[in-house]
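Here the structure comes first, spelled out in structure tokens, and everything after it is commentary.
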Amino acid sequence: MNFITKKAPIVNNSQRSFKRAFTLHFAIIATSIVTVVLKALSSLENPGELAVRAFFMIVVGALVSVLVELAYAYSEKDITKFKNYKGYVIPINTGILIALLLPSITPIYVLILAVVVGVYAGKLVFGGYGYYIFNPVLVGVIFAQLSFGTQLAVFDTPLQLLKEALNGATTNFNILDLFVGNYEAVAIGSTSVILLSIVFIYLLVSKVIDYRISGTFLISVFIISFGIGVINYYVSGDFSGVFDYVLVNMITGLTFFGAAFLISETVSSPTSRETKIVYAVVVAVLMMTVRVLGDNAEGLVFAILFGNMITPFINRTVKRSNKKTLIKTVVISLVFVIFTSIALGMILQGRVEEIYALVGGVL
Amino acid sequence: MITEYRTYINPSKVYIPITDSEYKMANVKVAVGDRVLIGEKLAEKFKGKNKSPVLSTVSGKILEFKDMIDRYGKVVDHVVIENDKLYEKFQHKTFEHSITTAEVRNVINNLGLNKISVDGIFTNLDFNAKSKYVVVNAMFTNEPFISTDYEFLIKHSAEMADGIELLSIAANAEKTIILVDKFMPEEALLELGKEIVEKDIEVITIDSKKVNAKDYKIIKNLVNETLSVNLVDNGVVYTEIGAAKMLHDAVRLGVPVVTRKVAITGDALNINAVYETRIGTRFTELVEDLGGYSEIKNMNLHIGSFLTGIQLDSDDFAITQTVDSVNVAEYRGVDEDVCIKCGDCNDICPAGILPQNIMDAELRSVNSRIVELNTDECVECGLCTYVCPSKINVLEWVRRAKRRVG
Ligand code: SF4
Ligand code: SF4
């Protein structure tokens, strides 16, 4: 009697990577639907039209992404993957995410180009799912933003208003509006934080995203924006300015969307717990730097792409993971985040010399 | 599902390998035509300077020496003995109550008891100057449905408790721990508890539903230093409760291991059963006793734990004292997906190394990186393979890296 010596799969552990992709798929579709509904109910100009446009974009995004993958599979003469729905899940996820990351005023040709570039140049040329270095979603989005900046420009997003407030303009934010996503959004996906946090928790519990990446990211953003807020808006005893600053940074823009769908994307992020923390901190710091100092009011896309870029490098720096290195990483990251927060706050006030002094003092 | 308890202790011939995976050289002490008794020395096998006897498990005439595969899949010389069913024993020395460390160690050496549990992080019953801790595992969960035989445990709890005490004497142990399953039946726990309550043995419960190398962590906390691949080097002797029973029999009754409990499971067999079987029985005879294989193509034969055991391509091997379970099932290939770099394997690794990164380095053949990642510290527990959501056999990659570079 002869036997196969291939190791049989261990069935007790029900975690499967395609199940995770399905969970994400479900979360993305649910988010899209609720987002479209919220758009229709918002108090912006022409809510109905906006919602229809958003819906249309999401569908087109998914469709184009699937078509590109199919065309590629045909050219490679291997379409077995697309025999059942399982093969479509990841392409659809990518397509919808690209659509959700563009504003609803995006011309359709821009969206199509973004998806083609993202899926082809970001994913397929590297060998497909599992092998790419940069998150294909972000590759597509950054391509659109760099090439069609004017067509995509959205004005008066909360983050921009916040930036202008620094130059003396006064803005009052309606907290409730911020929570339900009733504001000019930099992207379709920058929607109600209530919805996004539900999705976030769902994905966290179902282990699709890693709390060490997304959690560290959110905490870092919180600390940095709080620091900047305190330095710039604190008027003896009155915390309302600080509160507004932190709130707008945390719940508008792409902060939560990124935490739920982008930054924890496993293939392009590091694999061990220490490096995950470092990665999340780097992304948070860069994002806040761009938000504060850059021309762009939203820096997440840049920041994550940069994080992806250094991932192979930080992956290479770890040798093993144990308690000592973990604690060291956490402490260093915390110090770094706090320092960034102070430094950014001071730069905003033009107190650059003081930062040099601070660095000098520490050294 | 195990539905029956059976005995198969009267095979007409037994096949006893004279070497094993560690003791690779042997001096044969008998010749074809000799008559041997139970417990008589057939050969002496060597691992460097250490030697261990190979004992007969039946009385009868030696028929021939034969090349067969052993339970590790390697072709080695087997002594074939015809069982005359008289079961005459070669009397080894027995000990009543008080016994010294050296005496227990002697019994272990003379009766070839060093090697009993071989899967995962279990150690041999080797003792050295550093030996300080004895950890005995009274739970054994395995996929899909092999589990501890609690009937056996209840019936022999006194012997087992005595065996554990003998182990701790042999190790000069500062501390002796027994690991039990949280879901252990009340009665078994009670019986065992009754026997060990007087003895200085700590009981630790483990939740067998969570696969997270709790035993490894307990041992790590115990010794409070980085564990080496062989726990004996850390002064720990880690074995399962069956070994305690065998030690009891050897010391108190003077009998070597002649029979063993083997769980035979899997959907390729019509009946699944726990056997009490004589060591040296051919596995094919047991299969026959179970009514043969069902009509299944693509069969998979697995010896030992699913996480760490091994696969054979033939079923023509003989049961040895290190075989505790055999599973024969249809191979249900689940496609391996690509590594999604989730890092689950890195998180679970009890040795604190990074299997995903090692696999990556191995794929790209970067030897310096493999060394840098402390690949040699892998204890081959198999947890990385267990947790992988893409069903990649991560352990195989780590092993490959270890073998190639280490
Ligand atoms: S690399 Fe895998 S098999 Fe080796 S110790 Fe780590 S988890 Fe266990
Ligand atoms: S658990 Fe599997 S999929 Fe996840 S990083 Fe490890 S090898 Fe890759």
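Hey, for a label at residue B:10 modelled as a point 7 Å past Cα toward Cβ, could you say which residues of the stretch B:246-277 have their backbone N under 15 Å away? In the stretch B:246-277, the label zone of residue B:10 (backbone N under 15 Å from the point 7 Å along Cα→Cβ) covers B:277. Multiplying the residue separation of residue B:77 and residue B:132 by 0.36 nm and removing their Cα-Cα distance gives an extension gain of 16.1 nm.
Over chain A, accessible surface divided per residue gives 45 Å², non-protein components excluded, 1.4 Å probe. Solvent exposure of residue B:339, expressed as accessible area, is near 30 Å², computed with a probe of 1.4 Å over the protein chains only. With a cut-off of 11 Å between beta carbons, the residues surrounding residue B:28 carry a summed charge of 0, where Lys and Arg count +1 and Asp and Glu -1. Annotation: amide H of residue B:206 within the under-5 Å range of B:180, B:181, B:182, sequence separation 5 or more or interchain, hydrogens built in the peptide plane. Phi angles of the stretch B:299-315 translate, via the Karplus equation with coefficients 6.51, -1.76, 1.60 and θ = phi - 60°, into HN-Hα couplings of 8, 10, 10, 10, 10, x, 4, 5, 6, 10, x, 10, 10, 10, 9, 9, 9 Hz per residue; Gly and Pro are given as x.
Could you name the lysines whose alpha carbon sits less than 18 Å from that of residue A:6, not counting residues in the same chain fewer than 8 places away? Straight-distance partners of residue A:6: B:74, B:297, B:391.
Once you list every other residue whose beta carbon is under 12 Å from the beta carbon of residue B:13, what net charge do they have if Lys and Arg are +1 and Asp and Glu are -1? Taking every Cβ under 12 Å from that of residue B:13, the sum is +1. In terms of accessible area, using a 1.4 Å probe and ignoring ligands and nucleic acids, B:20, B:200, B:233, B:84 rank largest first as B:200, B:233, B:84, B:20.
Please tell me which of these pairs span more than 23 angstrom C-alpha to C-alpha: A:319/B:217; B:155/B:220; B:41/B:93; B:85/B:155? Beyond 23 Å between Cα atoms: B:155/B:220; B:85/B:155. Cysteine residues of the protein assembly as shown whose Cβ has no partner cysteine Cβ closer than 4.7 Å: B:339, B:342, B:349, B:378, B:381, B:388. Considering only DSSP beta bridges whose two residues both sit in the protein assembly as shown, what percent are antiparallel, to the nearest 5? In the protein assembly as shown, DSSP labels about 60 percent of beta bridges as antiparallel. Name the residues of the stretch A:256-293 whose accessible area, probed at 1.4 Å, falls by at least 30 Å² once all protein chains are in place instead of their chain on its own? At a threshold of 30 Å² (probe 1.4 Å), the residues of the stretch A:256-293 that become less exposed are A:266, A:267, A:271.
Note on residue B:225: accessible area is roughly 80 Å² with a 1.4 Å probe, heavy atoms of protein only. Just to verify a number: FRET efficiency for residue A:44 and residue B:314, C-beta to C-beta distance, R0 = 56 Å, to 0.05? Taking R0 as 56 Å, the efficiency between residue A:44 and residue B:314 is 0.15.
Across the stretch B:179-189, computed HN-Hα scalar couplings (Karplus, 6.51 cos²θ - 1.76 cosθ + 1.60, θ = phi - 60°) run 9, 10, 7, 4, 9, 5, x, 3, 4, 5, 4 Hz from first to last residue, x flagging Gly and Pro. Springs join every pair of Cα atoms under 10 Å in this Gaussian network model of chain B, and among B:18, B:370, B:241 the largest mean-square fluctuation is at B:370. Sites listed here are trypsin sites (Lys or Arg not before Pro) in the stretch B:218-303 whose DSSP assignment is loop and whose Cβ has at most 15 other Cβ atoms within 10 Å: B:297. Put simply, chains A and B cover up around 3900 Å² of each other's accessible surface, both sides summed, when a 1.4 Å probe is used. Ordered from largest to smallest accessible area (heavy atoms of protein chains, 1.4 Å probe), the residues B:122, A:217, B:183, A:339 come out as B:183, A:339, B:122, A:217. Relative contact order for chain B: 18 percent, from Cα pairs under 8 Å spaced at least 6 residues apart, divided by residue count.
Cα gyration tensor of chain A, axes a ≥ b ≥ c as square roots of the eigenvalues: rounded (a/c below 1.5), prolate (a/b > b/c) or oblate? Oblate is the answer for chain A, as a/c is 1.5 or above yet b/c matches or exceeds a/b. Return the distance in nm (one decimal) between the two label points of a simple spin-label model at residue B:64 and residue B:334, each offset 7 Å from Cα along Cα→Cβ. Result for the modelled spin labels: 4.5 nm.
For residue A:140, neighbours were defined as the other residues whose beta-carbon sits under 14 Å from its Cβ, and their charges (Lys and Arg +1, Asp and Glu -1) total -1. If I take R0 = 35 Å and measure r between the Cβ atoms of residue A:81 and residue A:310 in this structure, what FRET efficiency does the formula 1/(1 + (r/R0)^6) give, to the nearest 0.05? Once rounded, the FRET efficiency stands at 0.70.
Each label point was placed 7 Å from the Cα along the Cα-to-Cβ direction; for residue A:331 and residue B:396 their separation is 4.3 nm. For the stretch B:272-379, applying the loop criterion from DSSP together with a ceiling of 14 other beta carbons within 10 Å to the GluC sites (Glu not before Pro) yields B:295, B:336. Heavy-atom accessible surface of residue A:78, to the nearest 10 Å², is about 80 Å², with a 1.4 Å probe and all protein chains retained. In terms of the Cα gyration tensor, with a ≥ b ≥ c the square roots of its eigenvalues, is the stretch B:1-45 rounded because a/c is under 1.5, prolate because a/b exceeds b/c, or oblate? Oblate, since a/c reaches 1.5 and b/c is not below a/b.
Projected label points at residue A:348 and residue B:296, each 7 Å from Cα along the beta carbon direction, are separated by 6.5 nanometres. Note on exposure: B:29, A:276 ranked by accessible area (1.4 Å probe, complete protein assembly) read B:29, A:276, with the most exposed listed first. Measuring nothing but protein heavy atoms, the accessible surface of the stretch A:157-267 at 1.4 Å probe radius is 67 percent carbon and sulfur.
Couplings 3J(HN,Hα) for the stretch A:102-118, derived from phi with the Karplus relation 6.51 cos²θ - 1.76 cosθ + 1.60 (θ = phi - 60°), are 10, x, 6, 8, 4, x, 4, 5, 5, 4, 4, 4, 4, 5, 4, 5, x Hz, where x marks Gly and Pro.
The values are calculated or read from the model by the stated rules, or taken from the named source; none is laboratory data. Note that this is a predicted model, so its numbers are computed, not measured. In this analysis, Cβ positions are derived from the backbone assuming ideal geometry, glycine residues included, and neighbour counts consider all displayed protein chains. The accessibility values were calculated without ligands, DNA or RNA, using every heavy atom of the protein model including side chains. Shrake-Rupley method; radii C 1.70, N 1.55, O 1.52, S 1.80 Å.
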